[in-house]
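Below is one structure, written out as structure tokens, with a few remarks after it.
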Amino acid sequence: MNTIQLECFVTVAEYLNFSKASTVLKMSQPAVSHQIKTLEEELNVKLFRRSTRMVELTPEGLAFTEDARNIVTIADQAKLRFSHPDDYPI
């Protein structure tokens, strides 16, 4: 599991739309789909139910949403610590 996969998951979960998520993430829609697919394979669960007309979180996806958001937030904070060291003393 990596932060790109998690950012894709969180964004798709927020918009429930792969196309909108790809625009927000500035990635192609197939790239976002691939990241979600590999995350689902690693976790061995389906995170979304998809049809041609809708996307919805599965119960597993709903349960994973808070964890994924927390991990992305912590990763972002860690990046900020080193990009602005005066604001985040060690």
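Points to keep in mind about this one:
- Note that the chain presents 67 Å² accessible area per residue, ligands and nucleic acids not counted, probe 1.4 Å.
- Sorted largest first by accessible area at a 1.4 angstrom probe radius, with every protein chain in place, the residues Glu14, Glu56 fall in the order Glu14, Glu56.
- Helical mean residue ellipticity (222 nm; -39500 (n - 2.57) per DSSP H run of 4+; nearest 500) of the chain: -22500 deg cm²/dmol
- The chain, relative contact order in percent, only Cα pairs under 8 angstrom and at least six apart counted: 28
- For the chain, the longest principal axis of the alpha carbon atoms and the long axis of helix 59-83 meet at an angle near 30°.
- Candidate lysines - alpha carbon under 25 Å from Lys79, same-chain residues fewer than 8 apart omitted: Lys26
- Surrounding net charge for Glu56, when Lys and Arg each add one and Asp and Glu each subtract one, Cβ distance under 15 Å: +2
- Ligands, DNA and RNA excluded, the heavy atoms of Ile71 present near 70 Å² of accessible surface to a 1.4 Å solvent probe.
- Portion, in percent, of the accessible area of the range 9-88 that falls on carbon or sulfur, probe 1.4 Å: 53
- Scaled radius of gyration (Cα, divided by 2.2 N^0.38 Å) that the chain gives: 1.18
- C-alpha long axis of helix 3-15 to longest principal axis of the chain, angle in °: 60
- Among Asn2, Ala21, Leu39 the positive-end extreme of the charge dipole of the chain (Cβ point charges): Ala21
- Reach of Lys46 by Cα under 20 Å, taken over aspartates and glutamates that are not fewer than 8 positions away in the same chain: Glu7, Glu14, Glu56, Glu60, Glu66, Asp67
The values are calculated or read from the model by the stated rules, or taken from the named source; none is laboratory data. Keep in mind the model is a prediction, meaning the values are calculated, not measured. Virtual Cβ from ideal backbone geometry, glycine too; neighbours counted across all protein chains shown. Accessible surface is based on the protein model in full, side chains and every heavy atom, while ligands, DNA and RNA are left aside. Shrake-Rupley method; radii C 1.70, N 1.55, O 1.52, S 1.80 Å.
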